[in-house]
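Notes for the one structure printed next.
Just so it is clear, none of the values below were taken in a lab; they were calculated from the coordinates. A quick note: this is a predicted structure, and the numbers were derived from the prediction, not measured. Note that each Cβ is placed from the backbone with ideal geometry, even for glycine, and that neighbours are counted across all protein chains shown.
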Amino acid sequence: MKLYQRTIRDLHQMLVDREISSVELTDAVFNQIDAVGDKTKAYLLVTRDLALRQAKAADERLRAKRDVRPLTGIPIALKDVLCVKDVASTAGSKILRGFIPPYSATVVERLEREGAVFLGKTNCDEFAMGSSNENSGYRPVHNPWALDRVPGGSSGGSAASVASGEAIAALGSDTGGSIRQPAALTGIVGMKPTYGRVSRYGLIAFASSLDQIGPMTRDVADGALLLQAIAGHDPRDSTSSSRPVPDYLATLTDGVKGMRLGVPKEYFVAGMEPAVEHSIRDAIRLLEQQGASIEEVSLPHSDVALPAYYIIAPAEASSNLARYDGTRYGFQAGGGRNIIEEYMKTRQEGFGAEVKRRIMLGTYALSSGYYDAYYLQAQKVRTLIIEDFRAAFTKVDALLGATSPTAAFELGAKTQDPVAMYLNDIITIPANLGNVCGISVPCGIVDGLPIGLQVIAPGFAEEIALRVAYAFEAATEFHRARSPLMGAAA
Amino acid sequence: MPEPESELSSRQVEHVARLARLGITPDEVLHYRDQLRNILHHIEALNRADTSKVPATAHPLEERNVMREDRREPCLPAETALANAPSRDDSYFKVKAIQE
């Protein structure tokens, strides 16, 4: 097996045993980036010099057996919404072209302390707004399983990098499905932790009451390791939780025997591809065979989650994105006769169409005369969604459903119809609004395209979601499948 | 042709773009108006939910009134904070005239 095809745990063992060095491993991943990067366009920026410096430092640690941690020497990709000090960060937007962050995100600092190696900044939908990566201000990403198809979004570059062997693991961010959906569409594992579990300090904000950073990996145990490294309270993010972080690996292999797993009937949505539904039903049967008891449950307000999200997220975005005015950083159009004209020109030229759509939608929903009908009503619906989950979790330990109603679709298939694009996230959005956690794990490959099973667990019960996902993965081979671009695991 | 009153109008789109400090061409006004109308039609589904007795959720936080010691801590040096500025004058961000 090639080095870039392996898991974090495999490589950690090889590094500890001095079978390989981090520099060799990092070189192997960069060679793969050189070989297939033009096809996937997974990266916006490759940080070769930084990575080699970090790899050498990791090798020093490994040689001296000094503070060796699970991620020491492991090459990791970072979504371009995460600030890395002195490394250009654009959030996939032209309005941030040339922006060099003066500080690093907390998750970045934590990975640095682990001794991880940063490969570069991955492509994404502009300001993480999108489900196909076609809203990138620079170029779309292509799915390593079928290059004419999207990788999902908005963390499409992170997903494609892991699925193509251009990274061993990656960080993404998830506001309405942006980790889980691309993970499903590229055959990898992606987890959205509970809001507050991972610090958002240094994450370029989209919707501040929904955004969470999370791991994107080859398998569930790698996801548990990466989450372990980034989770926990951060004094610099007052919304981060002070709850202790459990040892995710300690309960990972406990299995599902005796667990109660719920299947929300509303999650088999209209328009779901039959292949997806079959894979999910098979996955549910398999977990039953593993000893879980399965029962149908109802989340009655699922049908209004999507409209509530498309008020709340754009409203928060319209406020968050007000800072991009060409004054303190990023792109400035120039030529305006006064400050207002200058703002308007800068934002007209700097933002892409989807970002403008959401800024206008959010501004409208918050404007005088419409606030109660849209924003306040959406916030009340959010309460109903929270209560739906709360009621369901009195009966069951976790919920099962598809991550995405479809497998990866062709580039361009939905770009003319914003509403059709929004429907991609119909089964991932409720977890963000309901403040629970969710993970997508590979559960099928149909016509050469991966399908993801979503496991949703209560808020701050990431260990439950990981345990169910691991039990499924341990009984199946889907996570071992490698995209044609990564190559067969020999 | 007059626009139906129940629908988002071109004037409203222009107004919202102005509020959001977004420059927009006349063609874009029509384009975004039609797209936003379609999105708003789907969002109308919100009214299906009975929320008459439901409080609003603005954020999901358990933490309340997060406080810290009131003490001086290091912050970004001015030169670092200004390093990304497209236009600057000495230690200031430079902007266009605010008043004519």
Averaged across the residues of A:349-361, what count of C-beta atoms belonging to other chains lies within 10 Å of each residue's C-beta? 4
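Ranking request for peptides A:209-222, A:19-32: highest mean number of other beta-carbon atoms within 10 Å first, then the rest in descending order.
Going from most to least packed, we get A:209-222, A:19-32.
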Of all DSSP beta bridges located in the protein assembly as shown, what percent are antiparallel, nearest 5? 70
In deg cm²/dmol, rounded to the nearest 500, the helical mean residue ellipticity at 222 nm of chain A, built from -39500 (n - 2.57) for every DSSP H run of length 4 or more, is -11500 deg cm²/dmol
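What is the mean number of Cβ atoms from other protein chains located within 10 Å of the Cβ atom of each residue in peptide B:78-88, rounded to a whole number?
Partner-chain Cβ atoms within 10 Å, mean over residues of B:78-88: 4.
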Per-residue Cβ counts within 10 Å, from other chains only, averaged over A:366-375: what number is that? 2
Tell me, A:VAL455, A:VAL46 in order of fewest to most beta-carbon neighbours within 10 Å? A:VAL46, A:VAL455
In the structure displayed, which of A:LYS94/A:LYS121; A:LYS2/A:LYS192; A:LYS41/A:LYS414; A:LYS265/A:LYS395 lie more than 22 Å apart, Cα to Cα? A:LYS2/A:LYS192
Pairwise over distinct Cα atoms, reciprocal of the mean inverse distance: report the Kirkwood radius of the protein assembly as shown in Å, one decimal place. 24.2
Footprinting exposure proxy for B:THR80, A:THR106 (fewest neighbouring C-beta atoms within 10 Å first): B:THR80, A:THR106
Ranked on Cβ counts within 10 Å of their own Cβ, fewest leading, A:ILE339, A:ILE464 go A:ILE339, A:ILE464
